[in-house]
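This report refers to the structure that appears directly beneath it.
The values are calculated or read from the model by the stated rules, or taken from the named source; none is laboratory data. As the structure is a computational prediction, the values presented were derived from the model and not from experiment. Quick reminder, even Gly has a Cβ in these numbers, built from the backbone with ideal geometry, and neighbours come from all protein chains shown.
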Amino acid sequence: MNGKPQTAVVTGAGSGIGRAVARKLLREGWNVALAGRRREPLEETAGGFGESALPVVADVTEADAVERLFAQVTLRWGRVDVLFNNAGMFGPSGDPGEISPEDWNAVVAVNLTGSFLCAAAAFRAMKAQSPQGGRIINNGSVSAHSPRPKSVAYTATKHAITGLTKSIELDGRPYGITCGQIDIGNTRTELIEQLNRGPEAGEGALQADGSRRVEPTFAVEEAANAVFLMASLPPSATVGSLLITASGMPLVGRG
């Protein structure tokens with residue numbers, strides 16, 4: 001705003017998509033707060049970007065930690081222009097009868113409650129700042145559209161992220177706050193590499209018909225470019241929903 005660098009908060013910034021998005025924003029001249037549970041990976045993400053990067057150890061499931069995160073950002077840079085709500089976990093593999101209540105609650109705490117707590121803190125900051133407004137981008141998943149086998153907890157939370165996104169978008173209108181969701185399928189991260197390895201190296205990811213196959217992937221930097229596209233739009237435009245997958249991913253139709 002007013003010629004100053006824009007400010008973003010990226011959760012889950014210590015690895016994978018979060019790290020790629022944080023570095024993309026930093027390379028584009030943004031100020032970025034890097035949030036995660038472990039300091040060392042955050043410092044690695046921030047390496048070489050100087051004062052533009054602010055690593056903050058924060059557990060998104062803890063309301064007080066989230067409040068401290070956003071307080072540090074506003075104290076340092078005066079505003080929050082973008083939140084990339086990215087922290088998440090896949091959770092246990094099993095059918096609904098095999099998932100324990102404890103495992104279910106752990107996935108909900110990170111993927112859904114954590115996303116809500118961060119969005120709520122960002123919403124309050126964007127509502128209070130001058131000029132008012134900002135953008136929240138929620139990292140959904142292709143599992144917000146169609147589940148993988150044995151992923152009930154993860155899939156349920158990612159469907160819920162869609163409802164969270166739409167509600168924030170609606171409630172943010174009076175304050176210039178927009179909210180969109182990016183659903184990313186098979187970008188090249190450790191999680192997808194693990195799925196593609198299968199129980200034994202090279203077996204591949206479990207498919208709906210019980211078979212396994214090694215699925216196509218794409219570079220995580222391309223996912224970061226898509227998030228940056230959403231983040232860098234002017235306040236007069238927003239992307240409500242963006243689905244980006246590896247070409248040939250077994251998602252549409254019959255695989």
Is there a residue in the stretch 213-226 that is over 23 Å from the mean Cα position of the chain (by Cα) and either within 21 Å of ASN138 (Cα to Cα) or surrounded by 13 or more Cβ atoms within 10 Å (Cβ to Cβ) (or both)?
-> yes
Could you please let me know if LEU233 is of a type outside the set (Lys, Arg) and buried (at least 16 other Cβ atoms within 10 Å of the Cβ)?
-> no
Candidate set: the stretch 236-255, residues that are of a type outside the set (S, T, N, Q) and exposed (fewer than 15 other Cβ atoms within 10 Å of the Cβ); chosen: the one nearest to GLN132 (Cα to Cα) | ALA237
Can you pull out the residues in the stretch 197-217 that are assigned to a helix (DSSP H, G or I) and touching an Asp or Glu at 6+ places or on another chain (Cβ under 6 Å)?
-> none
For residues that are part of a loop (DSSP other than H, G, I, E, B) and out of contact with any helix residue (DSSP H, G or I) (no Cβ under 6 Å at 6 or more places or on another chain), tally how many sit in the stretch 21-52.
-> 7
Starting from residues that are among the small types (Gly, Ala, Ser) and either part of a loop (DSSP other than H, G, I, E, B) or in contact (Cβ under 8 Å) with a residue 40 or more places away in the chain (or both), keep the ones in the stretch 70-93 and report whichever is farthest from GLY176 (Cα to Cα).
-> SER93
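Name the residues in the stretch 132-180 that are assigned to a helix (DSSP H, G or I) and touching a Cys at 6+ places or on another chain (Cβ under 7 Å), would you?
Those that are assigned to a helix (DSSP H, G or I) and touching a Cys at 6+ places or on another chain (Cβ under 7 Å): THR165, ILE168, GLU169, GLY172.
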How many residues are surrounded by fewer than 19 Cβ atoms within 10 Å (Cβ to Cβ) and in contact with a helix residue (DSSP H, G or I) (Cβ under 9 Å, 6 or more places away or on another chain) when one looks only at the stretch 158-173?
-> 4
Determine whether GLY14 is in contact with a strand residue (DSSP E or B) (Cβ under 6 Å, 6 or more places away or on another chain) and either under 20 Å from GLU221 (Cα atoms) or of a type in the set (Val, Ile, Thr) (or both).
-> yes
Evaluate the stretch 53-64: report whether one residue or more is assigned to a helix (DSSP H, G or I) and buried (at least 24 other Cβ atoms within 10 Å of the Cβ).
-> no
Please give the number of the condition ALA122 fails out of (1) within 19 Å of the chain's Cα centre (by Cα); (2) surrounded by 18 or more Cβ atoms within 10 Å (Cβ to Cβ); (3) part of a loop (DSSP other than H, G, I, E, B).
-> (3)
Going through the stretch 218-255 in order, the residues found to be in contact with a helix residue (DSSP H, G or I) (Cβ under 7 Å, 6 or more places away or on another chain), more than 17 Å from GLN6 (Cβ to Cβ), part of a loop (DSSP other than H, G, I, E, B) and modelled with pLDDT of 95 or more are GLY240
